[in-house]
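First up is the structure itself, then whatever we jot down about it.
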Amino acid sequence: MAQQQAVRVSENAKPTSFDTYFETIQSRKKLAPALQETLTDAFAKIPVSSFPEVPGGKVVEIQADTLVGDAVRILSDCNILAAPVRDPDADTSSNWRERYLGVIDYSAIILWVMESAAVAAVALSAGSATAAGVGAGAVGALGAVALGVTGPAAVVGLTAAAVGAAVAGGVAADKGVGKDASVAADNLGEDFYKIILHEEPFKSTTVRSILQSYQNAPFIPVATDSAMLTVLLLLSKYRLRNVPVIETGEPWLKNFITQSAVVQGLEGCKGRDWFDCIAARPLSDLGLPFMSPGEVISIQSNELILEAFKKMKDNKIGGIPVIEGSNKKIVGNLSVRDIRYLLLMPDNFSNFRKLTVKDFMKTIVSITRETGKVINPITCKADSTLGDVIHTLASQCVHRIYAVGDEGEVVGVVTLRDVISCFITEPSYHFDDYFGFAVKEMLDRQ
């Protein structure tokens with residue numbers, strides 16, 4: 001079994017980040033050790049095959065040669081944050097190692113958009129991407145080297161093509177190509193979004209290209225006969241947002257378990273003694289919120305919308321509270337998936353040059369009527385019970401809830417990862433028994 005616990009790993013996270021978070025949460029819990037051990041043992045005996053299948057019974061997959069814009073549309077239409085990526089060239093009889101290349105999610109797409117903004121800024125300094133000759137790959141590579149341009153975009157040809165073409169066109173460019181994407185896009189105005197959607201090389205960028213440069217999470221499937229404890233640990237301590245499920249000897253994914261699906265499942269456990277015992281506890285008894293008020297990343301409503309996405313990218317977080325004033329009063333919520341509106345509905349946004357977070361949220365509400373998830377902040381009190389938080393997360397289908405003080409100021413955040421961590425511990429023997437030394441070694445390299 002250990003040999004089948006597969007691995008494709010990026011190299012972003014720090015080796016100690018998993019243990020630091022999980023050990024801190026465990027040390028703060030005010031739960032009887034016997035209760036924690038009983039729960040952990042119970043989850044270790046529940047097979048993954050018992051977890052409910054995805055809606056419709058079939059995992060949504062995206063082919064590697066799918067264009068980024070089409071991939072965003074699939075994620076949006078299916079109302080999902082991520083999907084496994086399948087290699088269209090793989091034989092149908094291939095095992096999952098050959099069939100699946102990784103997972104595409106909004107976080108990876110944001111990374112791509114942010115760097116594309118800086119690239120487009122240089123290309124458009126000649127007047128337009130077409131005028132600058134964007135797409136001149138060979139000359140572009142030389143131009144990129146001359147400018148000292150490095151990073152993921154150079155790998156997929158975006159920086160090389162756009163910067164090099166601008167240089168070839170006689171544009172006086174400097175190393176400012178690496179400046180903040182939000183500033184670059186602001187200078188470009190609405191042309192930035194036109195470039196991303198309609199000009200080369202951006203519009204022809206495929207999911208495969210993004211995975212090669214921006215996939216920042218391991219692709220670790222588990223087998224149907226693995227323990228649910230393994231899945232819960234991957235979704236909490238090891239910070240995965242989803243876990244693919246395979247069936248031994250079959251090339252297709254059997255299931256795709258997400259953090260959200262697990263918390264939905266916990267919500268359905270109301271009335272069971274073990275759940276009610278923990279759910280009745282205030283957040284503080286479970287070591288939550290994990291971060292102090294000063295550690296919560298936020299965005300002022302009058303800042304540019306791309307600055308919000310940049311903050312999510314830089315801090316590797318899936319959402320951010322929108323605040324106003326020096327006391328950080330929360331007035332809204334943004335998440336990584338909201339970038340789909342810029343990419344799929346650019347005609348609904350005017351004055352890109354000065355598009356603020358507040359104006360962006362108002363436009364979303366006007367075209368989608370999602371007032372409850374954008375304008376009305378989803379919050380709780382610091383002394384709320386875990387059960388109340390789980391109910392809100394599950395019923396609102398959100399991935400985080402912000403703890404606020406008496407004046408509505410943000411004092412903390414509780415995520416799906418935090419909630420799952422409340423119900424489990426990691427036995428000293430578990431990792432080696434279920435994953436094997438090789439997998440642990442590769443995870444430690446993150």
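The values are calculated or read from the model by the stated rules, or taken from the named source; none is laboratory data. Everything numeric in this text was worked out from a predicted model, so none of it was measured. With ideal geometry, Cβ positions are generated from the backbone for all residues, glycine too; neighbour counts draw on all protein chains shown.
Numbers below:
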| item | result |
| --- | --- |
| Qualifying helices (runs of 4 or more DSSP H) (wholly inside segment 16-100; at least 2 residues being of a type in the set (Val, Ile, Thr) and under 30 Å from VAL336 (Cα atoms)) | 17-28, 68-77 |
| Scope segment 313-342; condition within 15 Å of ILE297 (Cβ to Cβ) and not hydrophobic (A, V, I, L, M, F, W, C); matching residues | LYS313, ASP314, ASN315, LYS316, GLY318, GLY319, PRO321, LYS328, GLY332, ASN333, SER335 |
| Residue tally, condition closer than 14 Å to LEU393 by Cα and not in a helix (DSSP H, G or I), over segment 241-269 | 2 |
| Given (1) modelled with pLDDT under 90; (2) surrounded by 18 or more Cβ atoms within 10 Å (Cβ to Cβ); (3) of a type in the set (S, T, N, Q), number of the condition ASN333 does not satisfy | (1) |
| Complete set of residues in segment 286-309 that are part of a helix (DSSP H, G or I) and touching a strand residue (DSSP E or B) at 6+ places or on another chain (Cβ under 9 Å) | PRO293, GLU295, ILE305, GLU307, ALA308, PHE309 |
| Selected residue [closer than 22 Å to MET114 by Cβ and in a loop (DSSP other than H, G, I, E, B)] from ILE317, ILE364 | ILE317 |
| Residue among LEU283, LEU234 that alone is modelled with pLDDT of 95 or more, crowded, with 21+ Cβ neighbours inside 10 Å and closer than 15 Å to ASP418 by Cα | LEU283 |
| Residue in segment 388-406 that is out of contact with any helix residue (DSSP H, G or I) (no Cβ under 7 Å at 6 or more places or on another chain), of a type in the set (Phe, Trp, Tyr), at pLDDT 95 or above and on the phi < 0 side of the Ramachandran plot present | yes |
